[in-house]
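The values are calculated or read from the model by the stated rules, or taken from the named source; none is laboratory data. Small disclaimer: the values here were computed from a predicted structure and weren't measured. All Cβ positions, glycine included, derive from the backbone under ideal geometry; neighbour counts span all protein chains shown. For the accessible areas, the whole protein counts, side chains as well, though only heavy atoms, and no ligand, DNA or RNA atoms are used. Shrake-Rupley method; radii C 1.70, N 1.55, O 1.52, S 1.80 Å.
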Amino acid sequence: MSGTARRAATARRAARARTAARRVASAALTLLVVSALTYAVFYLLPADPAQLSCGKPCTPERLQQAREFMALDRSVPRQYLDFLSGLVSGRSFGTGPAAVRCPAPCLGYSFRLDRPVVDLMADRLPVTVSIALGAAVLWLLLGVGAGVAAAVRPRTLLDRGVMTLAVAGVSTPTYLLGLLGILLFGFTVHVLPVSGYVPLTEDPAAWAQHLVLPWCVLAAVFAAVYARLTRGQLLEVLQEDHIRAARARGLRERRVVGIHGLRNVLLPVVSVLGPDLGGLLGGAVITEHVFSLPGLGSLLLDAVGSVDLPLVVGITLLSAFLIIVANAVVDLCYGLLDPRVSG
Amino acid sequence: MKRHPLRATAAALTGLVLAACGTSSSGGAPASSSTAAARGGSLFVLTTSSSVTLDPAKSQNLAITTLGLIYRRLTTWDIAPGRPPTVVPDLATDTGTASDGGRTWTYHLKDGLQYADGTPITAADVRYGVERSFAAELSGGLSYHKTLLAGGTAYKGPYTGQDLPAIETPDARTIVFHLATAYGDWPWIVSMPAFAPVPRAKDTSPTSYATHPAASGPYQVDSYHQGSALVLTRNPHWDARTDPVRTGGPDKITFQLGQDRSVVAQRLIADSGDDRSAFGASFVPPAQLAQVSRDAGAKQRLVTSDPGALAYLAINTRRPALADVRVRQAIEYGVDKHAYQVASGGELAGGLATTLITPGIPGRVAYDLYPEEPSGDVAKARQLLAAAGTPALSLSLLVDSESNSAAQAQAIQQALQRVGITVTIRQLDDEAWTAAATGAAGDYDLTLSSWQPDFPSANGNLQPLFATSEIGGGGYNLARYSRPEVDALIARATGETDHAAAQALWAQADRRILQDAPVVPLIYTRNSFLHGSKVADFFVAGFPAYPDYLRVSLRR
Amino acid sequence: MPASLAAPGLVGQVLRQARGWRRDLWTAGAGAVVATCVVVALAAPLLTAVEGQDPFTYHPDTLDASGAPAGPGGGIGPTHWFGVEPLTGRDLFAVVVHGARTSLGIGLAATALAVGLGVAAGATAGFLGGWYDRLTTRVIDVLLGFPTLVFMIALGAIAPTDLPRPLLVVLVVGGFGWPSVARVVRGQTLSLRQRGFVLASTAMGAGRGHVLVRQVLPHLTVTVVVYTTLLVPQMIATEAALSFLGVGVPPPTPSWGRAIGDAVAWVSTDPAFLAFPGGALFLLTLALTVLGDGLQDRLAPRTADRTADRTADRTADRSGPREAR
C-alpha cells in the first residue's frame, strides 16, 4: 500500500474511533440524564418507602429507624450521588453482621424483595427475552412476508385482504386481543395454558406452550405494522428507475423483487426493528400483565405500584440502555447496508 | 414489600347470592369423604401476590396461611367453621401461664421437637427469633410484641451484641416473657410469625436467612422464585402427634405467584388439569361470582366466609369542614350502604354494618345509632347539614386501586351527591394510598378502608383504629380521631384480665366512639374462595375470613 | 411571484386530489365514520336526553342479585339501548356516547400538543442546526428511551389533586408523543433545507425566520397533516390503555378504556358490556387509520430525495408508546 493510501486508512480508522468514542460518551450522558429524571420523578411520589419496612403497628421511632437504614433520611441529591457511587464501588446498608451488601455494579437494592436490583433483573431477563425474540421472529416472518406478497400483487384481492387485516391489527389494543385469546384458547377450548412461565432449560415443550399466546398476540399487532411498512416501501421502490431498468434488461421478476427490491426495504425495516426490539426487551408491560408472565415489564409495574424506587431506576436504566444499543446497532446496519450513507 | 393479601386493609369485597342453591353455607362445607386427612398429591395455590416474605421477622402473615405451613410458634389458632376461633398450644405445652397480674408469661416447650435437619428446637431459638425481629434490617413484620415487651422500644436487635432482658430462658425448654404492662391477649401475640424459632447458628446472613430457613412445621422451603413460584416439600422431622391443627396432607405445595385475580377464578371454574388440585388464595371477583352462579359444578366449589372485616368510610375529623359532628352525622345518613353493597358484589359481599366491632368477636353488642333505610336518609342528612350551616360541601375521597374500589367509591360519591356534598375521587396505588392515608400529613377528607383485627379480640377492632397513638406515622387511625376519655376507656379495657369485664368495656367504647361519627360503618365483608374438585378439607371460618391452609388435603 | 415558485397551497392540493377521492370508497367510508363519531361526541347530551338517561345515575333495579344485568343481552331494552353496566346499573349507551367525548377530546388535544411541540422542535432543530440541533436530538433520544407507559402511571400519581385529571392525561400523553413527531419533521426539514426554492430565497436575502415560516413550514404541512391523522388513533389508544390500567381519567367521567378494563372480566356473563365500548374504540381507531392511509396516499409529496424520509414517513404507525403493547 502506498504512503498516501496508508495515511488515508489511518485517518479513517481514527475518525471511526472518534465517532465511536463520541457515541459512547453521549450514551453515558443520556443514561445519566435518564437516571436523574427517574430519581426526580419518583421522589416526588406521595409514598414513603420506609413505611413498607416499618411493620404493623408502625411507630414513629421504628419509621425513623427504617428510614435511616434505607438511607432515606439523606437529601435527595445526596441519595442520587450515593446511587452513582454505588455503580462503581457497591453499597452497604446498615452496620454490623446484619449489614446488607450490594456488590458493584450496584444498580440499587430492593428492600421490598431483599435482593440487589441487578439480581432481580437477571432473573427476569430470560422471560422477557423469550417473549421478545419469539414474537419478533413471528412478526418478521408474518409481517414482512405479508407485506411483500401484497406489494408484488397490488390492488388484487390478496393485497386488499392483507391490508385490511393489517389495518385491523394496528387498531386493536394488545390487552383486548390478549384477553380474548385467553378466553378462547384457554377457557373455551382448553388447549393452551393461560398464565405462567416455564424456563426453556426445564421443559422446552411447556416453555413454548406457555408462550404461544403472548407471541401470537404481540406478533399480530407488530406484524400489522411491518406489513404496512414493507408494502409501502416495496411499492415505492418497485416504481424506481433502477428497478424498471432491471426489468427492461430481462431479469426475472423474482430476482428483481428479491434482490433489488428487498435490499432497499431492508433498511427501513431494520431501522424500525431496532427500537421496537429494544423497547420490548425492556419489558412488554401490558402483555406480561395480561398473561401473568414474570418478566421485566411486570417487575416494573409492580415496582411503580409499590414505590420501590431502586427497582424502578434500575429497570428504567436498563430499558434506556437497550434502546440506545438498539439505535446504535441500527446505525451500524445503516452504515453496512447503505453505501450512500457510509460513503 | 408486597403484603400478603391477608392484610386487613386490602380486603377486596366479593359476594353473590347463590340464592336458590345456598351452596356456601356460612363457613363452607369441609367436603371430605374421610375423617382422616388423605395424604399425598401435589397442591397448587394460585395467588395474586408476586412475592412471599419468608423471613418470620418480616412477615405479616396470619397464623393459618403460608408461613403457618413452614413455621410453628408458641401457640397457634384452632379454626373450624361454625365456632369461634381459639388459641391453642403449638410448640408450647399450654397457652401460657400468667403471673404478676398478667405482666409475666411463662411457656414450656413440648418434648422431641425438631427442625427439618433433625436438630432439636430449644427455647433459646424462640428467644433469638423474637430478638432478631427488632433489628432494623429485618423490620416490617407484625410488631405488636415490640412495644409490649419491657424495654422493647429501645432494643435494637441481637446484631448489636445485646440481648433483650425481657425474655428469659432459664433452661432449654422454658421461656419467660416480661411485659411492660398487663396484657390479657398475650397468648394471641405469641402465635405471630416473629415467635417462630430461629437457630442462631443458621442466621449467619440475616437478610438471606429466608432463602433456606429452618423449618419447624410440616413443610420446608424447596425453592422460591420471586414473581414465579414458591415450592414447599415435606419436613421429614415434623411430628403430627405434637401438632393439633396441621394435617400435612399434600406431599408438595406449589404457590403460583403473580397471577391475575380474574384469570385465577376462571381457571378454577374451568377446573381442568392441574387446576383440579388447586385453590385460589385471592377473593373471587364479582364478575366471576356472577359466572359461578350460572355454573352448577362451580357452585359446589365456592366457599364463602362468615362476616369478617369491617368496611368503612373514614371521615378525617381534623379537617375544619368536618370538625362539626353534625356534618359527620349527615354523612352517616347520606351514605347509601345498599349501593355500596351492590358495588361490592351484592348480598354475599356482606351484610350492612352498624357497629364497629365485627360479628363473631366475643362480647360484641349489636346496636344501631343511626337508624335509616339501606339507601340512607337524605332528608335527615340535609337537615343536619343545614343545621351545621354548610348546606353544600366539597370533599376529596381517597381510595386505593384494589379491583372493586372504583365502583365502591363511585357508590359513595353518588350517594353523597344527593345530599349536596360533591365528592372528588382520588385513586392511588396500594402503597401510595397507605403512605397518604397513614402518613402524618393526612391530606384527605374521606377515605375507604376495611379492617380485620390481627387477632380475634375487640381490642383489635377498636384500638388500632381509634386510639390517639395510632394517628399518622403508619398508624391506621384514618379518621384521626382523638378523645381523651376514649383513650382512657381503651386503656382500661386493654389491661383488664377478666374477659367478661373487658368485653363489656369494649362494647361501651364501641358505642361511645360511634356517637362522634368518625367513621361510617358500611358492610361486614364476606370473602369467597374457589377450589378445584380434588381439593378437600377446604373451609373458611368467620375469623380470619381466609381459608385455613393448614388442614387442606387432596382427594385421591 | 410566479405560481410555480410559490409554496403550493394545501387547499389547492386537496381540491385537486378531491376528484380522485370518489374512487376511493374505503377512505370516504372511514371519513364518514370519523365524522359520525365526532358528531356523536359533540351531540352526546342530546342523544342521551332522547334516550332519557345519563351516564352517572345508578339503576340497581336493573341488576340481579349477583350484580349482573337482569335482562337479556346485558339489559338491552327500550329504556337502555345498549343495556346497563354490571354492579352499578349505569346506562351503557350513555357511557359509550359520553365516552366518545373523552376519547376524542383527549386524543385530539394530546395530538395537537404533540404535533405542535414536535413541529416547533423538529423544524427549528433541522433548520438551524448546530448545537441546538444536537441538543434537541439528545432530548428526543432520551425521551424515546423512557419506558413511557410506566412514567405516565407515575406522573399520574404525583400530580396535585387540583390539577384536573383530563388535562393531566393530555399533557402526559402529548408530552411523550412529541419526540417521534419532532424526529420526522426534523428529517423532512433537513432535506427541504437543500431544496432550490429555499436556497433561492436565502440568496435573495430573506432572513432565516422568514424562510423557515414562509418557505419550509408550508412544505411540511402535508406531512404533518398525514402524520396527525395517523397519530390521533395512537393517542386515543394510549389514553385507553392508561384507563385500562386504572390511571387515566377518573370516575365518574365515562371512558372507553376504563369500561373495557372493567368489562373484560364480565365477558362470559355479559359480553355486551365489552362489545359496545370495545367495538366503538376499535371502529374509531380503524376509521382514523384508514383515513390517514387514504390521506397519505393522496397527499404525500413525491419528493426526489427519499433516503432520510422513507423510514421517517412510515414510522407513523409506531408513534405511540412502545409499551402500549
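In plain terms, the bigger the Kirkwood radius, the slower the diffusion; for chain B, with that radius from Cα pairs, at 37 °C and 0.692 mPa s, Stokes-Einstein puts D at 136 µm²/s.
Magnitude of the charge dipole for region A:117-337, about its Cα centre and with charges confined to Cβ atoms of Lys, Arg (+1) and Asp, Glu (-1), is about 1400 debye. Within region B:105-155, none of the trypsin sites (Lys or Arg not before Pro) combine a DSSP coil assignment with at most 13 other C-beta atoms in a 10 angstrom radius. Residues in chain A average 44 Å² of solvent-accessible surface per residue, probe 1.4 Å, ligands and nucleic acids excluded. When the charge dipole of chain A is built from unit charges on Cβ atoms (+1 for Lys and Arg, -1 for Asp and Glu) and taken about the Cα centre, the candidate among A:THR287, A:GLY232, A:SER89 whose Cα reaches farthest toward its positive end is A:GLY232. The residue list A:LEU142, A:VAL325, A:ALA220 was ranked by how far each Cα lies along the charge dipole of region A:117-337 toward its positive end, using unit charges on Cβ atoms, and A:LEU142 comes out on top. Here the Karplus curve 6.51 cos²θ - 1.76 cosθ + 1.60, taken at θ = phi - 60°, turns the phi angles of region B:65-71 into couplings of 10, 2, 5, x, 6, 9, 10 Hz, with x standing for Gly and Pro. Cross-link reach is defined here as a Cα-Cα straight distance under 14 Å, omitting same-chain residues fewer than 8 places apart; for B:LYS380 the aspartates and glutamates meeting it are B:GLU332, B:ASP336, B:GLU372. Size descriptors for region A:3-114: radius of gyration and Dmax over Cα atoms are 21.7, 80 Å. Among the trypsin sites (Lys or Arg not before Pro) in region A:86-173, those placed in a DSSP loop whose Cβ has at most 12 other Cβ atoms within 10 Å are A:ARG155.
With Cα atoms as the point set, chain A shows a radius of gyration and Dmax of 25.3, 86 Å. For peptide B:470-477, the mean count of partner chain Cβ atoms within 10 Å of a residue's Cβ comes to 5. Residues within the reach of a label modelled at B:ALA504 (point 7 angstrom out along Cα to beta-carbon, backbone nitrogen below 20 Å), restricted to region B:327-364, are B:357, B:361-364. Distances between placed amide hydrogens fall under 5 Å for B:LEU398 paired with B:ARG426, B:ASP445, B:LEU446, B:THR447, B:LEU448, all partners being 5 or more residues away or on another chain.
The shape of region A:78-186 comes out prolate: with a ≥ b ≥ c from the C-alpha gyration tensor, a/c is at least 1.5 and a/b beats b/c.
Within chain A, A:CYS216, A:CYS333 have no other Cys Cβ under 4.7 Å of their Cβ and so lack a disulfide-compatible partner by this rule. Put a dot 7 Å past the Cα of B:THR181, heading toward its Cβ, do the same for A:ARG244, and the two dots end up 9.5 nm apart.
Computing FRET efficiency as 1/(1 + (r/R0)^6) for C:LEU163 and A:ARG255, where r is the C-beta to C-beta distance and R0 is 51 Å, gives about 0.25.
For the pair B:TYR367 and A:THR4, label points projected 7 Å from Cα toward Cβ lie 10.7 nm apart.
In this structure, A:ALA20 and A:TYR43 have a Cβ-Cβ separation that, at R0 = 56 Å, corresponds to a calculated FRET efficiency of about 0.95.
The C-A contact accounts for roughly 4500 square angstrom of buried accessible surface, both chains included, probe 1.4 angstrom. The lysines within cross-link reach of B:LYS146, meaning a Cα-to-Cα straight distance under 27 Å and a gap of 8 or more places when in the same chain, are A:LYS56, B:LYS2, B:LYS58, B:LYS110, B:LYS156, B:LYS202. With both residues required to sit in region B:310-525, DSSP beta bridges show an antiparallel share near 60%. Put a plus charge on the Cβ of each Lys and Arg, a minus charge on the Cβ of each Asp and Glu, and nothing anywhere else: the dipole of the protein assembly as shown about its Cα centre is then about 5300 debye. Expressed as a whole percent, the proportion of Cα-Cα pairs in region B:360-454 lying more than 19 Å apart is 55%.
Counted over all Cα-Cα pairs of region B:72-200, pairs farther apart than 20 Å make up 42 percent.
Between B:TRP433, B:ASN235, B:THR47, the Cα set farthest toward the positive side of the dipole of chain B (charges on each charged residue's Cβ, about the Cα centre) is that of B:THR47. Per residue, chain A reaches -23000 deg cm²/dmol at 222 nm when only DSSP H runs of four or more residues are counted, each adding -39500 (n - 2.57). If you plug the beta carbon distance of B:GLN300 and A:ASP119 into 1/(1 + (r/R0)^6) with R0 = 41 Å, you get a FRET efficiency near 0.40.
Computed on the Cα atoms alone, the convex hull of the protein assembly as shown gives a volume of 201 cubic angstrom per residue.
Could you give me the ³J(HN,Hα) list for region A:5-18, computed from phi with Karplus coefficients 6.51, -1.76, 1.60 and θ = phi - 60°, whole Hz, x at Gly and Pro? Using θ = phi - 60°, the values come out as 4, 4, 5, 5, 4, 4, 4, 4, 4, 4, 4, 5, 4, 4 Hz.
Dipole magnitude for region B:89-175: about 260 debye, using +1 per Lys or Arg Cβ and -1 per Asp or Glu Cβ, origin at the Cα centre. Overall shape: oblate for region B:435-531, with the ratio a/c of the largest to smallest alpha carbon gyration tensor axis at 1.5 or above and b/c at least equal to a/b.
Karplus-derived 3J(HN,Hα) values for region C:126-139, using 6.51 cos²θ - 1.76 cosθ + 1.60 with θ = phi - 60°, are x, 7, 7, x, x, 5, 5, 5, 4, 4, 4, 4, 4, 4 Hz; glycine and proline are entered as x.
When Rg and the Kirkwood Rh are both derived from Cα coordinates, the Rg/Rh ratio for region B:310-525 amounts to 0.94.
Where Rh is the Kirkwood radius over the Cα pairs of region A:164-239, the temperature 37 °C and the viscosity 0.692 mPa s, what D in µm²/s does Stokes-Einstein return? Value of D from the Cα-based Kirkwood radius: 234 µm²/s. Each distinct pair of alpha carbons in region A:110-164 adds a 1/r term; the inverse of their mean, the Kirkwood radius, is 14.2 Å. Taking label positions 7 Å along the Cα-Cβ direction at both C:GLU51 and A:VAL129, the computed distance is 5.1 nm, reported to one decimal. Across the accessible surface of the protein assembly as shown, with the other protein chains kept in place and a 1.4 Å probe, carbon and sulfur atoms take up 61 percent.
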